[in-house]
Amino acid sequence: MQRHRQRRRRAAMLLEVTGLHVRYGRTHAVKAVDLHVAEGEIVTVLGANGAGKTSLLRALHGAVKPAGGSIRFAGDDLTAQSSAERVTRGMMLVPEGRQIFVSMSVHENLLMGAYLRRDGDWARDLKSVYDRFPNLAERRDMPASVLSGGEQQMLAIGRALVSRPRLVMLDEPSLGLSPLFVNNLFNLIKELNRDGISILLVEQNTAMALEVASRGYVLELGSLVLEGGADALAGNAALAEAYLGDHAAKPEPDAA
Ligand SMILES: Nc1ncnc2c1ncn2[C@@H]1O[C@H](COP(=O)(O)OP(=O)(O)O)[C@@H](O)[C@H]1O
Ligand SMILES: [Mg+2]
């Protein structure tokens, strides 16, 4: 039974995005993007600042209405569905900048994740979040403002987990974290995936993202310019140069 379920899971397509466009007035932020995540996969979307990564995730979450294209999840077309419906079906976004409620307690923040659960059965998931993150359990009744940046990111992810997602979409989760926390975070992403959660990971930390992902896509100015296996992308030196370079952080050519 278990083996049978595993086999089906590997084959099943969880997220299928076809010809997606996002526009803000004259800004065409996402242009005809096709991507997919199979059940059980970690897939990364890479791209420099302004490439359209957040816009893509916001469209998948339902926070912005796509100007075209379709979003299928677990076989159903959710393009016209609300964010709430998408969360209920198992798509969860951990937004850029965490977006936790700093004046609310850790516990209250986690309860927000239970809010859209259709079944009333979130107590077990809440407990498993506290088991997974002892730091959050210790600070359960403290305002979220007392947490470090790394702990706030754990809280944002914990809040997502309380909704028992099938797909977690993470928007630059490593941004602003110390190297130690970045390591913890990527270990956590692998752990969640081993527990059966599919992951769509938006990152500017290309090397780390390609280490945990099996496949990746590269966005430039709203368009997909490259896609492939993580190893192939990681070995593609031109990729880093052309599309992902944090030019501000690079030494001048003649200084190298
Ligand atoms: N709410 C908005 N209104 C108008 N333009 C926006 C808005 N959000 C993003 N943009 C523009 O869309 C483009 C893509 O932005 P974004 O999706 O945030 O990229 P990334 O997450 O890759 O940095 C940028 O040109 C940005 O200025
Ligand atoms: Mg962004």
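The values are calculated or read from the model by the stated rules, or taken from the named source; none is laboratory data. This one's a predicted model, so the numbers in the text were calculated from it and none came from an experiment. Every residue, glycine as well, gets a Cβ built from its backbone with ideal geometry; the counts of neighbours run over all protein chains shown. The protein model used for the area step is the full one, side chains on, heavy atoms only, and it has no ligands, DNA or RNA in it. Shrake-Rupley method; radii C 1.70, N 1.55, O 1.52, S 1.80 Å.
Summary table
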item: Matching strands (runs of 3 or more DSSP E) fully within the stretch 151-245 where at least 1 residues are buried (at least 22 other Cβ atoms within 10 Å of the Cβ); result: 167-171, 198-203, 215-220
item: Near pairs, Cβ below 7 angstrom, 6+ apart or cross-chain, from the stretch 120-144 (under 22 Å from Arg194 (Cα atoms)) to any residue that is in a loop (DSSP other than H, G, I, E, B); result: Asp125/Arg164
item: Selected residue [of a type outside the set (Val, Ile, Thr) and within 16 Å of ligand 2 (Cβ to nearest atom)] from Ala80, Ala63, Ala32, Ala67; result: Ala63
item: Residues (at pLDDT below 95 and small (Gly, Ala, Ser)) located in the stretch 1-24; result: Ala11, Ala12
item: Any hit, the stretch 78-98, residues being free of Cβ contacts under 8 Å to residues at least 12 places away in the same chain, open to solvent by 10 Å² or more (accessible area, probe 1.4 Å) and either at positive phi or among the small types (Gly, Ala, Ser) (or both); result: yes
item: Residue in the stretch 26-77 that is surrounded by the fewest Cβ atoms within 10 Å (Cβ to Cβ), counting only those that are of a type in the set (Val, Ile, Thr), in contact (Cβ under 8 Å) with a residue 60 or more places away in the chain and part of a strand (DSSP E or B); result: Val37
item: Candidate set from the stretch 126-182 (those that are in contact with a strand residue (DSSP E or B) (Cβ under 9 Å, 6 or more places away or on another chain) and small (Gly, Ala, Ser)); member that is farthest from Glu108 (Cα to Cα); result: Ser174
item: Check on Thr44, within 16 Å of ligand 2 (Cβ to nearest atom) and among the β-branched types (Val, Ile, Thr); result: yes
item: Search result, residues across the stretch 99-115 that are open to solvent by less than 60 Å² (accessible area, probe 1.4 Å) and more than 12 Å from Arg140 (Cα to Cα); result: Ile100, Gly113, Ala114
